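Trainee: Can you keep this structure in mind? I'll have questions shortly.
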Amino acid sequence: MEKIGISKIVEFIRLKDGPRQTFINNLKKPKPPKKIKTEESSDGGDYWSTSIWAISNAYKNNKPILIKDKIADLFERHGKATAKTSKDMYLQNIQILHNVEDYDLKVFKPQFDLQYLSKPKEKSIFKIKDIPVQVLPQYVFTFKENDISKIGAIWFIAKIKGYSIEEIGLFADALYRYLNLNYSKDFEINSNYCVAFDVSSLQEVRYSTVENNSIVTLLDSVMDILKPFLK
């Protein structure tokens, strides 16, 4: 298997042993090439790409109106769609956007001038317990505080009915490891701004809450459970 995303790890851990093996076998099958998209995809896949993209854009540009604009756009698309699956997808994305339209996304960024970094694909995949994991935050940013160059990241995630706080912790833990592996030589990681935010439930996990043991990270134990199914 070339890689596995954290959302797929969550799907796996929710299953029982028999379905788990089937799930992993299906992940191992070659995937057809993805169509090129103009809107970024979340770790949860293309289903949420429209709402995640709008939220990410509003976050970066400090423009909540972009979320309201996307809601209007999706209502128009919903009205023109004929397939039930498309209509359902638009409605789910509209609900996500309604969840977030009045949320203060500025709480997820420090009050300093931010420089947003590129996210090369080769940096997105790394091994945890010898398993290749892919981490796809929307933004990685740097800033200076007390003349110290620091780095943080935000990962917007979504799932029907949302993730549990422990599951969101898996994303935050993986995100911290991604930053530590790729950027810690040049920047100090600010764990309070290493954030996974579930836009479907409006729950967040900052890695700082893992460091102070407010949330126990389960990523290593989950990978230990996953590993035998990959053999």
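The values are calculated or read from the model by the stated rules, or taken from the named source; none is laboratory data. Quick caveat: nothing in here was measured; it's all calculated off a predicted structure. Reconstructed Cβ throughout: ideal geometry from the backbone, glycine too, with neighbour counts over all protein chains shown. Calculation scope for accessible area: heavy atoms of the full protein, side chains included, ligands and nucleic acids excluded. Shrake-Rupley method; radii C 1.70, N 1.55, O 1.52, S 1.80 Å.
Trainee: Roughly what % antiparallel, to the nearest 5, for the DSSP beta bridges in the chain?
Mentor: 70
Trainee: Over the chain, with a Gaussian network built from C-alpha contacts below 10 Å, which listed residue (217, 22, 82) shows the highest mean-square fluctuation?
Mentor: 82
Trainee: If you don't mind, there's one more thing I want to ask. Quick one: accessible surface of residue 14, probe radius 1.4 Å, all protein chains present, in square angstrom to the nearest 10.
Mentor: 120
Trainee: Students sometimes get this wrong: rank 53, 48 by accessible area, probe 1.4 Å, all chains present, largest first.
Mentor: 53, 48
Trainee: Okay, moving on. Between residue 180 and residue 98, what is the label-point separation in nm under the 7 Å Cα-to-beta-carbon projection?
Mentor: 4.1
Trainee: Could you point to the residue in 51, 95, 82 farthest towards the positive end of segment 48-105's charge dipole, with +1 and -1 charges on the Cβ of Lys/Arg and Asp/Glu respectively?
Mentor: Sorting the options by dipole projection puts first 82.
Trainee: Placing +1 on the Cβ of each Lys and Arg and -1 on the Cβ of each Asp and Glu in the chain, which of 126, 163, 64 has its Cα farthest towards the positive end of the resulting dipole?
Mentor: Farthest towards the positive pole: 126.
Trainee: Accessible area per residue for the chain in Å², computed with a 1.4 Å probe and the full protein assembly in place, what is it?
Mentor: Solvent-accessible surface per residue comes out at 53 Å².
Trainee: What does the charge count near residue 110 come to, summing +1 for each Lys or Arg and -1 for each Asp or Glu among other residues with Cβ under 13 Å from its Cβ?
Mentor: After counting each charged neighbour, the total is +2.
Trainee: Each residue of segment 188-199 in order: what ³J(HN,Hα) in whole Hz does its phi give by Karplus 6.51 cos²θ - 1.76 cosθ + 1.60, θ = phi - 60°, with x for Gly and Pro?
Mentor: Each residue's phi maps through the Karplus curve to give 8, 6, 8, 5, 6, 10, 10, 10, 10, 10, 7, 6 Hz.
Trainee: Separate question: Taking a ≥ b ≥ c as the square roots of the Cα gyration tensor eigenvalues, with a/c under 1.5 meaning rounded and otherwise prolate when a/b beats b/c, else oblate, which class fits the chain?
Mentor: Verdict is oblate for the chain.
Trainee: Over the Cα atoms of segment 90-191, Rg to Rh with Kirkwood Rh, two decimal places?
Mentor: Rounded to two decimals, Rg/Rh equals 0.99.
Trainee: Determine how many Å³ per residue the convex hull of the Cα atoms of segment 161-231 encloses.
Mentor: 107
Trainee: Got a number for the accessible area of residue 202? Probe 1.4 Å, square angstrom, nearest 10.
Mentor: Its accessible surface works out to 60 Å², give or take rounding.
Trainee: With a 1.4 Å probe and all protein chains left in place, how much of the accessible area of the chain comes from carbon and sulfur atoms, in whole percent?
Mentor: So the carbon and sulfur contribution to the accessible surface is 51 percent.
Trainee: What chymotrypsin sites (Phe, Trp or Tyr not before Pro) does segment 105-158 have in DSSP loop regions with at most 15 other beta carbons within 10 Å?
Mentor: 112
Trainee: If you don't mind, there's one more thing I want to ask. Rounding to the nearest 20 debye, state how big the charge dipole of segment 48-105 is about its Cα centre with +1 on each Lys and Arg Cβ and -1 on each Asp and Glu Cβ.
Mentor: Using only the charged Cβ atoms, the result is roughly 220 debye.
Trainee: While we're here: Would you please name the trypsin sites (Lys or Arg not before Pro) within segment 130-214 that are DSSP coil residues with at most 11 other C-beta atoms within 10 Å of their C-beta?
Mentor: Of the trypsin sites (Lys or Arg not before Pro), the ones in loops of segment 130-214 whose Cβ has at most 11 other Cβ atoms within 10 Å are 161, 185.
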